[in-house]
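The values are calculated or read from the model by the stated rules, or taken from the named source; none is laboratory data. Computed from a predicted model, the values in this text were never measured in an experiment. In this analysis, Cβ positions are derived from the backbone assuming ideal geometry, glycine residues included, and neighbour counts consider all displayed protein chains. With ligands, DNA and RNA removed, areas are computed over all heavy atoms of the protein, side chains included. Shrake-Rupley method; radii C 1.70, N 1.55, O 1.52, S 1.80 Å.
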Amino acid sequence: MTDTARWEAALRAAPGVLRADLWPGRRDPLPRHRWLSWLPHAHLVLTSVLLGLWNMALYNDVMDPAPGSMTLFALCQAAAPVLALSRPAAAFWLSTGALLVTGALTSAVFGAHWPWNVAAIALHTLVLLLLSLRVRPVAAAAALGITLLTGVGAAVPRAVPHLLTLPQGSLAFVTAVVVGCSLRASRVSRSRLVEQEELTAEERARRALLEERGRIARELHDVVAHHMSVISIQAQVAPHLVADPSPELRENLAGIRQNAVDALTELRRVLGVLRGDGEAGDAAAGVRHAPQPTLDRLGELLANVRAAGLDVTTETEGEPRPLSPGTELSAYRIVQEALSNAMRHAPGSRATVRTRYHRGGLTVRVTNTAARGLAHAGTAGPAREPGHGLLGMRERTAMLGGELAAGPTPDGGWEITATLPAPLPTPPHPKDGS
């Protein structure tokens, strides 16, 4: 978009901005300060009261004494900054109207419109500052222009007392609007930066989740591909295990083998897409085609962890039994990630891996103590920064229909409990009379 187009768009939007921001019924409370709470609001109220008393004293000195109508409008001028704390647009119109009327009333004394005195300038400056903090720059500039128009009558070339208040007041009003718009722009920039940081954090979490899902999919594809290969081999060997297989049996077994081979081909094609081309080299190829780990290799994992410096013990409850490859793979990865988190976030801690086999499946619990020297610090490192590994553990557990719980322990450590369903098969009921 060119600069000309931007200016045209801004001019077209200006009337709507003025209606929205300068509408008297618009409510926009000034929030309390982060550190000072309501103290600035109280100071503003006190300042308005003192300036209001000074304003009345100035009018009484000039008009000796000031009429009741002047007292009323002087009170309106003093109340405007207080009203601006919640309704800045209404406060601006009230203060501007009071400036205009008091100028008209004092014209009978000086023979020309006396626009402002010093106290009135200070009160209206506060109003403009509070308004500029909460409206768009276009509306703040319009408010400044309307204010300056109230003092045009004093520009008549006559010897009018206090005529110097016109340039002085104009300078104060312009300064208030510039400062207010600058502070507002800074606040808006900070708010947008915070929003952008939140969006970035969400995007990082989403990307980590997708990467973990891709990793889980790759591993499960390996498991499924292994079973499809076994089916293909069994279908090919089966005819040789029968003395005289019928043509129908040979045809069915050949169809089973062909379907298994076709499915295996498709799986390899999809698996190649999921793996991507970022893992080049023989070493990476060896890792890619290595068999997926199961709980039988848990001892190797614990030995590697101990060699890395983590004191870890194991406990097993129930009678171990073979589980589905997906369940064993997920259990292994959960233990692996939990121990990695313990080494990363709680160095020097002690970890315990508990596996419990029961009729409903398998429960894996990994607990680590607080980091060395942090036993009384409240929570361990993972409580402060769990990372993205927890996302993968949740995905693996949810994929199997299980449950995962993670959180700090009372002694400042961290605990992860995963319940993976793998019910025992129901034994067949004997037939009646057998």
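Before moving on, here are some points about what is shown:
- Evaluating residue 354 against the criteria (1) over 29 Å from the mean Cα position of the chain (by Cα); (2) crowded, with 19+ Cβ neighbours inside 10 Å leaves one unmet condition, (2).
- Failed criterion for residue 294 (all others in (1) polar (S, T, N, Q); (2) crowded, with 20+ Cβ neighbours inside 10 Å; (3) without any contact (Cβ under 8 Å) to a residue 40 or more places away in the chain hold): (2)
- Residue within region 14-23 that is more than 21 Å from residue 137 (Cβ to Cβ), in a helix (DSSP H, G or I) and open to solvent by less than 40 Å² (accessible area, probe 1.4 Å) present: no
- Selected residue [touching a residue at least 60 places away in the same chain (Cβ under 8 Å) and basic (Lys, Arg)] from 6, 87, 19, 34: 87
- Members of region 41-58 that are open to solvent by 50 Å² or more (accessible area, probe 1.4 Å) and either farther than 13 Å from residue 126 by Cβ or within 33 Å of the chain's Cα centre (by Cα) (or both): 42, 53, 54
- For region 205-227, the set of residues classified as closer than 22 Å to residue 394 by Cα, open to solvent by 100 Å² or more (accessible area, probe 1.4 Å) and in contact (Cβ under 8 Å) with a residue 60 or more places away in the chain consists of 213 only.
- The residues of region 395-414 that are among the charged types (D, E, K, R) and either within 25 Å of residue 211 (Cβ to Cβ) or modelled with pLDDT of 95 or more (or both), listed by number, are 395, 396, 403.
- All positions within region 357-393 that are of a type in the set (A, V, I, L, M) and either part of a strand (DSSP E or B) or modelled with pLDDT of 60 or more (or both): 362, 364, 366, 370, 371, 390, 391, 393
- Cross-chain or 6+ apart pairs with Cβ under 9 Å, region 170-198 first and closer than 15 Å to residue 129 by Cβ, then open to solvent by 70 Å² or more (accessible area, probe 1.4 Å): 177/137; 181/136; 181/137; 184/136; 184/137; 185/137
- Every residue from region 228-255 that is open to solvent by 80 Å² or more (accessible area, probe 1.4 Å) and either at pLDDT below 80 or not in a loop (DSSP other than H, G, I, E, B) (or both): 233, 234, 236, 240, 241, 243, 247, 248, 250, 251, 252
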